[in-house]
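Provided herewith is a single structure, encoded as structure tokens, for subsequent inquiry.
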Amino acid sequence: MKPAIGIAASLFNKEYVDGLIDCALLHLKGCAVDIVRVPGAFELPLATQRLLARKDIRAVIAFGVIWQGRTAHADLIGQAATRALMDLMLRFDKPVIHQILMVRTEAQAKARCFGKTLNRGTEAAHAVKHLLSMDGTSPKSKISKLQ
């Protein structure tokens, strides 16, 4: 059975978030993926919680892009969502890959969402596969004991 991975993704800054999703999907071949879209980054923890509650979902990737402006709003949203995602990961004991990006410029957003070297969608896919291999249930898992 293919490992099921959930992706919680914001619709705000959709073009960039879609780039993250597309790059992640290229590296998640062999996995069943369920994508849930929410309005913005602040709603990502709720979507993540609902995905984690499903027995078939083994991990969730949260994708969002927040533009930092002149007020504290972006920082507050980013901090609240980050804390909530970490709490959910620990509560459900399932991996949650945090890819809510805080960017200041379009160049930063493009590099992280569409680029080849800094692509956070690619990094998220690699991270989730690594974490799933550590639980011992992945067909390709190799567990070694630390000394």
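The values are calculated or read from the model by the stated rules, or taken from the named source; none is laboratory data. None of these values were measured; they are calculated from a predicted model. Virtual Cβ from ideal backbone geometry, glycine too; neighbours counted across all protein chains shown.
When you go through (1) more than 21 Å from L20 (Cα to Cα); (2) surrounded by 21 or more Cβ atoms within 10 Å (Cβ to Cβ); (3) not polar (S, T, N, Q) one by one for L90, which number turns out not to apply?
Of everything listed in (1) more than 21 Å from L20 (Cα to Cα); (2) surrounded by 21 or more Cβ atoms within 10 Å (Cβ to Cβ); (3) not polar (S, T, N, Q), L90 misses just condition (2).
Further question: Identify the residue in segment 117-145 that is modelled with pLDDT under 90 and charged (D, E, K, R) and, among all such residues, is nearest to G64 (Cα to Cα).
Result: D135.
Please go through segment 109-123 and give me each residue that is among the polar types (S, T, N, Q) and buried (at least 17 other Cβ atoms within 10 Å of the Cβ), ordered by number.
The answer is N119, T122.
Between D34, D22, D75, which is in a helix (DSSP H, G or I), touching a helix residue (DSSP H, G or I) at 6+ places or on another chain (Cβ under 9 Å) and not hydroxyl-bearing (S, T, Y)?
Checking each option against the conditions leaves just D22.
Next question. Can you find a residue that is modelled with pLDDT of 95 or more and not in a strand (DSSP E or B) anywhere in segment 55-69?
yes
Specify which of the listed residues (I21, I5, I61) is touching a Leu at 6+ places or on another chain (Cβ under 7 Å), crowded, with 18+ Cβ neighbours inside 10 Å, of a type in the set (V, I, T) and touching a residue at least 40 places away in the same chain (Cβ under 8 Å).
From the options I21, I5, I61, the qualifying one is I5.
Among the residues of segment 26-49, is there at least one that is modelled with pLDDT of 95 or more, closer than 21 Å to K116 by Cβ and surrounded by fewer than 16 Cβ atoms within 10 Å (Cβ to Cβ)?
yes
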